[in-house]
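Visitor: Structure provided below as structure tokens; questions to follow.
The values are calculated or read from the model by the stated rules, or taken from the named source; none is laboratory data. Treat the numbers as computed from the prediction; the structure is a model and nothing was measured. Using ideal geometry, Cβ is built from the backbone for each residue, glycine included, and neighbour counts are taken over all protein chains shown. Accessible surface is based on the protein model in full, side chains and every heavy atom, while ligands, DNA and RNA are left aside. Shrake-Rupley method; radii C 1.70, N 1.55, O 1.52, S 1.80 Å.
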Amino acid sequence: MDGLRIRQDVARIRAMRSEDVAPAAEAIRRGEWGEREAFFTFAVAHPECRPVVAEADGAIVGTGVATI
């Protein structure tokens, strides 16, 4: 994501939903961080996982997953 600058006061962190899986995985691919689509699919389906996305201007600009 060369040249992408996100102001912290603009990005919003929220729970990842099933409809976020494909665009979140694509954002990871574009950043050359590998393949995460299967993992995100798993994470949104399991109550022990807390996947989140950072969203700015309607686009997913970050992801995170915590487990409990």
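Visitor: Could you list, ordered by first residue, the pairs with Cβ atoms under 6 Å in which the first is in segment 7-29 and basic (Lys, Arg) and the second is surrounded by 10 or more Cβ atoms within 10 Å (Cβ to Cβ) and at pLDDT 90 or above, at least 6 apart or interchain?
Guide: Arg12/Glu55
Visitor: Moving on. Tell me, which residue of segment 13-44 that is outside any helix (DSSP H, G or I) and open to solvent by 70 Å² or more (accessible area, probe 1.4 Å) is farthest from Thr67 (Cα to Cα)?
Guide: Glu32
Visitor: So is Val65 in a helix (DSSP H, G or I), in contact with a Pro (Cβ under 8 Å, 6 or more places away or on another chain) and surrounded by 13 or more Cβ atoms within 10 Å (Cβ to Cβ) or not?
Guide: So Val65 fails the test.
Visitor: Which of the residues that make up segment 34-68 are acidic (Asp, Glu), touching a Lys or Arg at 6+ places or on another chain (Cβ under 8 Å) and over 12 Å from Asp20 (Cα atoms)?
Guide: Glu35
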